[in-house]
Structure formats: structure tokens, C-alpha cells
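The values are calculated or read from the model by the stated rules, or taken from the named source; none is laboratory data. Since this is a predicted model, take the numbers as computed values, not measurements. In this analysis, Cβ positions are derived from the backbone assuming ideal geometry, glycine residues included, and neighbour counts consider all displayed protein chains.
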Amino acid sequence: MPTVPEALALMDYGPAPESPAIALDWLKDRAFGHFINGAFTKPGQTFAVTNPATGAELAQVTQGTDDDVAEAVNAARAAAKGWAKLTGGQRARYLYALARLMQKRERLFAVLETLDNGKPIRESRDIDVPLAVRHFYHHAGWAELLADEFPGMRPHGVCGQIIPWNFPLLMLAWKVAPALAAGNTVVLKPAEFTPLTALLFAELCVEAGLPKGVVNIVTGDGRTGAALVAAEVDKIAFTGSTDVGRLIRRETAGSGKALTLELGGKSPFIVFAEADLDAAVEGVVDAIWFNQGEVCCAGSRILVQEQVAERFTARLKLRMAKLRLGDPLDKSTDIGAVVHPTQLERIRGIVDKAIAQGAILHQAPMPEGPGSFCPPGLLTDLGAANIAHTEEIFGPIVTLMTFRTPGEAVELANNTRYGLAASIWSENITTALDIAGQVKAGVVWINGTNMFDANAPFGGMRESGFGREGAREGMLAYLTGDEASGKERKAPEALSPLPGSASGDTVDRTRKLYIGGAQKRPDGGYSYAVPGAQVPLGSRKDIRNAVEAAHKASGWSKVTGHNRAQVLYFLAENIAARGKDLGPKDEVALAVERAFYWAAWADKYDGRVHSTASANITLALKEPFGVMGVICPEEAPLLGFVSTVMPAIAMGNRVVAVPSQSNPIPALDLYQVFDTSDLPGGVVNIVTGPRGELTDTLAKHDDVAALWVFAEAETCTLAETLSAGNLKPVWTEQRQRDWTGPAGQSRSFLRRAVQVKTVWVPYGA
Ligand code: NAD
């Protein structure tokens, strides 16, 4: 007879399989067409959708053509007016109905999702489906409250939505629910590996009596996605890889289509010495071994403080060895199948390279047999340049590195082009919140990881994309209402460069560039003529110098709103004092008012505390981008400059501004105001010259985190196209704004001067 400890050691889980019958019955002999205008079309050219755990075919699905996409967009267009005209309450009822219907068929959705994607049934049943339902309920509420809470705003119209395969139903919910709540109609393209739950959702749309054409679903691969991007839609919302996100940024440049991008990540998981190490080990399980690591915000880089690294690693290896890999339909499976053999190959490819570069892999042997399975793995002994540390693996493999000091942890955490999420483990709230403030990530979890809620904004910084999904902030991505409505902007007259400004011989010596708090001659030594004066001809080099100066002025982003407000009030007073030298009396008077107005906001554009489903205080903080570029409008040379630069710096950004090309004098003359207003050098930098060339440099510059362009179509298109490099958010306006009225101080200047960081702080039990 074994002793109790022996019996415990021998005990294993019995099989606990969920039956696939419910989903297989639904799929029986199905070949799917698209869901367009409230009905399924006849299947066209189809491809097989397979179960990654077995390789068995589940269904045939249609490859969407350009014509299919056009038909779906037409249906959505035809439905748009009627849908937007309903009251919020009426739309809310449809969303409630969808939530309830989804809830009624929870089991079918969960089993179908697991068959299609390979994720463990425990996760699809307990996480994917309930969260998708929650999104519809939550957004039914936003539909109800829309008019009260978003006055003056309206839907974009038709939204093209493209989603990945890792959370097929949940990503649908994140996209469709807010779009419908805001009054848009949609054409959704699910990922080619996992379209089945979207097609089941289409059935619910019929059952819920949703007006025809409000939701359309077109299946297919990247070609279908590209057709949707090119179609006559008003907005594209994309979730997927950074490479495709970049392509879409370029494709939509200059089209006027609104764009949000939720892209890849390489998120740090930071463990401090004082952390609860057992909790942190469980955290890793949720961070990287949840959903086979196919999670955009997976904590895929463990950074652990040196003095506890050995203990932590030992415990982590023990825990890893206990994870159960296998049949995704078994309720005691922890790790299911990777979505597709090609993804498994990709994971193996990166891991092999990491090992060749010196990393050590700790992993159970690859299982034999059918299905795409990858045991959980840990890579140690790697340098910061190792491919596994820099590339998104999108599989159950985590890297581990050590750090000594909090400063080093932040440096390592931010040493990535991504900025989606971060997880921080420390029992010291001061340390945890200090680090939360310093990591470049759209979502930060303290002593937790991979927590999601419909009322918590989710989205990235840097090359993880822009825009937020979920909560009030996410609703804003589906609403518009503040566009400029004036005349189309025209390109200013071409410049004629004149030699000589460097020597100062032919140039009015009082006019120079303003960089780092000092007047500077342009690098190229050229000037150009404007009525009554010659002004410096700035070049790429000057922009680079200005960005460097702005970068160095990072202290401005850290001072309190109160202190910023004081400096800006003083600045406003000084504009008033120098007024008569700066421009026409009326424009100066308005510029003074505007400067006071934005100064007033410096300490008032607050974040929020969101009420989320779990025991957390979920903060939505508004952070400055850092260094911003502003291509100021040609019209209203002084007022336009003040109206655009002031809100950006009021929110804590440092700005490189390109003033009106044809009349930059009032902006250049402001240097005296800046010098006498306690504005630290480098917070505002002014480079005059050919706006096309200067925009080009700002758009491409990796250290410019956001760009505003108030210019003619050509320059706006250029900015959007070239911003695809570091995927900075670009706000372009090709139409003139009435700077003298309310449009000149619209709230959207504040909204576009900050990025939201969501910080989940445990609260209560
Ligand atoms: P992917 O970019 O290859 O595909 C995503 C979607 O885009 C699919 O529907 C695909 O068919 C479509 N697509 C492909 N090429 C296209 C093109 N040229 N034009 C338009 N659409 C095109 O990504 P994936 O491999 O399916 O998903 C994994 C990626 O998604 C990872 O990088 C992951 O980090 C990211 N992701 C991000 C989030 C987020 O919220 N930030 C969430 C989930 C996944």
C-alpha cells in the first residue's frame, strides 16, 4: 500500500473530454459562403479549415474576391444611414439581444472555437466566450448612452475590420460591438485559419433580427483583407502583425480613411526581488503559456532581479514541467495545439536561431503524431540581441534575463520597438507604480497579467500600433465629428533658396531657427524670401537637431500639470505684452486668449478610474507622447501656431514645429516670448523651410512619436505614408479650420496630444 505522499506523487488526472458533437453537428457537411446583407451567399472558390489538434478538415470556407468585398461594402453602405438614425436605445436592444443569444449558445461557441483554433476548452469556455459576451453587454450600454456621453459626435459610416486567429470570437466582439454601438455598419474579415465562430455569429445576427447589411462577414486570406482595405470604407480597424499593419498604413495614406492598428508585442514580465515569487511563477503561466503563447500582449520576456533569479528559475522550471500539453477538448489540458503547422514551423525556426545564437532551451521533447503541438519552453543565457529576445515568437516560449537595479529593468523593458503591455511583480507598491510610469506600454499589469475587460482600454504604443479598444476610450475610435470643414488647403508657393544665411550677410540677422532654447542659423546656410524679410531655410539636418533638443528636454514631460500651467500662463501674458510686434491686433488678441485657454487645461485633462470586472483599480492614464512634430497651418500664421503647439506642450509633449511656410515671421518672433517665459529650452523648437522636405524627415524620424499635419493633400499623404516606419499616429487635416472660433480649441487637440496607458492595480482581496 503506497503512503500518502507516494499516492500523491502517482496521482494523475483522468481524461475529462468535452464532446465535440455539438460543433460537429453544426458543421456537418458545411461549405460556407459569406454573410452579406443579412444572408449567406452561395460558396465560391473554397478552402479547407482544419482542426490544428488533429489536422482533420472542419469545413470549407469561401475565399473572398474583390467583388465579394465590394458587395459586402455596398450592403453595409446601404444599411449605414438607417442604422445610424436609430436611437441609441434602439441599437442597444440589438446589442443586448446579440449578447443574450451568444450566452445561450456559449457551449457551441466554446467547442467550435477550440476545434478551430486549438486552444484549450477551459480557456475558450471560461475566457474567450464570456469576455466576448461581456463586450456586447458593455457596448449595448454605450449605445444607450451615446448621445449623452459623446455629444456632437457621429459614426464614421462603414468600417472594414480585419482580425487575427488567436482570439477569433473575442477579436470579433472587440471590433463589432463598439462599431455598432457607435452607429457604424461593418464588414468583418476573420483570419483564414479561424473563421468559424464568426460564421456562427452571423447566424445570431439573423436571429437577433439585426437590420440587413449592418454586419457583413467576408472570409478569405490576406488578399481579401487587402481588398477590404482598398474598398470604399470610412474606417479600417486592424488587429494583426506589425508588418501587415505597416502595409495598411501605407495603403490608406491620403485616403481620408480613419485607421486604428492593434499590432504585435514583445512585452516584458518584470520580477523584483521583493515579489511574491510563487505568485510570479503562476503569473508566467498566465503570461506566456495561456493560449499557447499566441497572445499579442504575452509576457514573453521575463526580466528577473539578479538576487532571486536562481530561485525563481528553479521554481519556474518545476512549474513548467507540470503543465499538461494535449487534447484541447480535454478539460484538464493546459496547453492545446498551435493554430497551424506553419505557425509551429515559425516558432521552431526562431527557437533554432536563438539556440544557434547561444541561448539554452529548456523544453520537453516535441510530441510525435498528428497535430501541431509545441511544449512550453524557457530560453536562458541569451544576450539582448538574441532573436528570441527581439522577435515576437507568438508561441509558448519565454526568454529569461536578469537585471540588477530598477533603472536597468526599465532600460531592458523598453529596449524593444514594441510597446503593447508590461507586467510588474513587486510587493512594494512604490516600486511597482514607479516602474509602471516608466515602461513604454499601453497596458501595465501590477502583480497580474493578461487581464482584460470591456471597460479597460487596450492598445499599444510605438510599433504595437495606435488606437484603443474597450471602454470610453475605445468608443472614440468609432466616432468622429470634429473634422475641419473649411476650404481644401493648397500648397504654398515654391521657395527660392538664397545662399548666405550662415554668413549672415544677406539675411536679416534677427530671424533664425529656434532650437534647444537658442536661435540657430540653418545648417545649410540658406534662406528664402517672404514679404518683407528673409527667413532661414531649414533642412533635414536642422529637423534632426531640433528632435535631439526636444528629446533632451524630457524633464518637461515629467513636471506636474500645475507647473506646466504656470509656465504657459506666463507665456500667454508675454504674448500679450509683445503683442503689437507679433501680428495684426485681432489675431494677437485671439492668440492670447487661446494660449490662456490651453494653459488652463494643463492640469485638468485627467485620466479615469475604470470599473472593471475583477478586483482592481484600473487606471486609464493620459501620457504625453514625448517628442511630437507639428506642421502648422499656412492660414493664421500666429493663431494657427499657438492653437496647435500650445495644447501639445500643455499635455507635456516637446514639439518640433514647422510654422507657416509663406509667413513664418510671427512664429519665429515668438522666441523672445519663450525665452522670457521660463519655458525650458527644447520644449518648443521652430524650423522654417520647405514643408514637404521637413515633413518627410519628421514622419520618418524614429524619435518623433506623433505627428500633426495641417497641410495640403500631398503633404498629408506623404506624412501618413512615411510614418509607417515607426507607426507613429499621424493626424492630418487637408481642410482649413476656423481658428478664430470653437473649432480652433476643440477637445480633439487634447485627445490627440496624449496616449492612454491602462494600469491595472490590485485592490481589495
Ligand atoms: P497577420 O497580420 O498575418 O493577419 C491578421 C489578419 O490580417 C488576418 O485576417 C489576415 O488574413 C489579414 N491580412 C494578411 N495580409 C493582409 C493584407 N495585406 N491586407 C489586409 N489584411 C491582411 O497576423 P496573424 O498571424 O493572423 O496574427 C498574429 C499577429 O497578430 C501577431 O503579431 C499578434 O501580436 C497580433 N495581434 C495583436 C493583437 C492586439 O490587440 N494588439 C491581438 C491579437 C493579435
Surrounded by fewer than 17 Cβ atoms within 10 Å (Cβ to Cβ), in contact with a helix residue (DSSP H, G or I) (Cβ under 8 Å, 6 or more places away or on another chain) and at negative phi - does that describe any residue in segment 74-82? no
Which residues, counting only those in segment 246-296, are within 11 Å of the ligand (Cβ to nearest atom), among the hydrophobic types (A, V, I, L, M, F, W, C) and assigned to a loop (DSSP other than H, G, I, E, B)? 263, 295, 296
Could you list, in sequence order, all residues of segment 317-357 that are of a type in the set (Ser, Thr, Tyr) and outside any helix (DSSP H, G or I)? 332, 333
Condition (residue is aliphatic (A, V, I, L, M), over 24 Å from residue 728 (Cβ atoms) and either modelled with pLDDT under 95 or within 32 Å of the chain's Cα centre (by Cα) (or both)) applied to segment 639-659: is it met by at least one residue? yes
Scanning segment 372-406 residue by residue, the ones that are within 30 Å of residue 56 (Cβ to Cβ) and either within 16 Å of the ligand (Cβ to nearest atom) or at pLDDT below 95 (or both) total 8
Can you name the residue in segment 551-590 that is among the acidic types (Asp, Glu) and surrounded by fewer than 18 Cβ atoms within 10 Å (Cβ to Cβ) and is also nearest to the chain's Cα centre (by Cα) among such residues? 573
Go through the residues of segment 693-703 one by one and say whether even a single one is part of a helix (DSSP H, G or I), among the β-branched types (Val, Ile, Thr) and within 30 Å of residue 576 (Cβ to Cβ). no
Considering each of 148, 234 in turn, give the residue that is farther than 20 Å from residue 263 by Cα and free of Cβ contacts under 8 Å to residues at least 24 places away in the same chain. 148
What are the residues in segment 539-570 that are outside any helix (DSSP H, G or I), within 21 Å of residue 687 (Cα to Cα) and of a type in the set (D, E, K, R), if any? none
By residue number, the members of segment 168-190 that are part of a strand (DSSP E or B) and more than 16 Å from the ligand (Cβ to nearest atom) are 185
If you scan segment 670-692, which residues turn out to be in a loop (DSSP other than H, G, I, E, B) and either within 28 Å of the chain's Cα centre (by Cα) or farther than 25 Å from residue 525 by Cβ (or both)? 676, 677, 678, 679, 680, 682, 683
When restricted to 595, 667, 620, 648, the only residue outside any loop (DSSP other than H, G, I, E, B), free of Cβ contacts under 8 Å to residues at least 40 places away in the same chain and small (Gly, Ala, Ser) is 667
Within segment 315-331, identify whether any single residue is out of contact with any strand residue (DSSP E or B) (no Cβ under 6 Å at 6 or more places or on another chain) and either under 11 Å from residue 395 (Cα atoms) or among the polar types (S, T, N, Q) (or both), and answer yes or no. no
Boolean, residue 155 is farther than 22 Å from residue 342 by Cβ, away from the ligand (no atom under 14 Å from the Cβ) and out of contact with any Ser or Thr (no Cβ under 9 Å at 6 or more places or on another chain): no
With the requirement that a residue be crowded, with 20+ Cβ neighbours inside 10 Å, small (Gly, Ala, Ser), part of a helix (DSSP H, G or I) and near the ligand (Cβ under 10 Å from one of its atoms), what does segment 191-233 give you? 225, 227
Is it true that residue 378 is aliphatic (A, V, I, L, M) and outside any helix (DSSP H, G or I)? yes
Just to be sure I understand the filter: pairs with C-beta atoms under 9 Å, separated by 6 or more residues or on different chains, first member in segment 687-701 and closer than 19 Å to residue 511 by Cβ, second member of a type in the set (Ser, Thr, Tyr) and part of a helix (DSSP H, G or I). Which pairs pass? 691/715
Does residue 401 qualify as being outside any helix (DSSP H, G or I), over 23 Å from the mean Cα position of the chain (by Cα) and buried (at least 19 other Cβ atoms within 10 Å of the Cβ)? yes
Taking helices (runs of 4 or more DSSP H) that fall entirely within segment 36-127, which contain at least 3 residues that are more than 28 Å from residue 226 (Cβ to Cβ)? 88-104, 106-117
Failed criterion for residue 745 (all others in (1) in contact with a strand residue (DSSP E or B) (Cβ under 7 Å, 6 or more places away or on another chain); (2) farther than 30 Å from residue 297 by Cβ hold): (1)
Which residues, taken from segment 514-545, are buried (at least 21 other Cβ atoms within 10 Å of the Cβ), of a type in the set (Val, Ile, Thr) and more than 26 Å from residue 678 (Cβ to Cβ)? 535
Can you name every residue in segment 234-245 that is within 12 Å of the ligand (Cβ to nearest atom), touching a strand residue (DSSP E or B) at 6+ places or on another chain (Cβ under 8 Å) and assigned to a loop (DSSP other than H, G, I, E, B)? 240
Would you be able to say whether some residue in segment 155-167 is in a helix (DSSP H, G or I), crowded, with 23+ Cβ neighbours inside 10 Å and modelled with pLDDT of 95 or more? no
Taking segment 532-548 as the region of interest, how many residues are within 12 Å of residue 521 (Cβ to Cβ) and charged (D, E, K, R)? 2
Just for segment 358-395: of the residues that are touching a strand residue (DSSP E or B) at 6+ places or on another chain (Cβ under 8 Å) and charged (D, E, K, R), which one is nearest to residue 298 (Cα to Cα)? 392
Residues of segment 455-472 classified as over 20 Å from residue 753 (Cβ atoms) and within 14 Å of the ligand (Cβ to nearest atom), total: 5
For segment 415-446, name all the residues that are within 18 Å of the chain's Cα centre (by Cα), touching a residue at least 40 places away in the same chain (Cβ under 8 Å) and assigned to a loop (DSSP other than H, G, I, E, B). 416, 417, 418, 419, 420, 439, 441, 442
Specify the residue that is surrounded by the most Cβ atoms within 10 Å (Cβ to Cβ); the eligible residues are those in segment 726-742 that are at pLDDT 95 or above and closer than 19 Å to residue 463 by Cα. 728
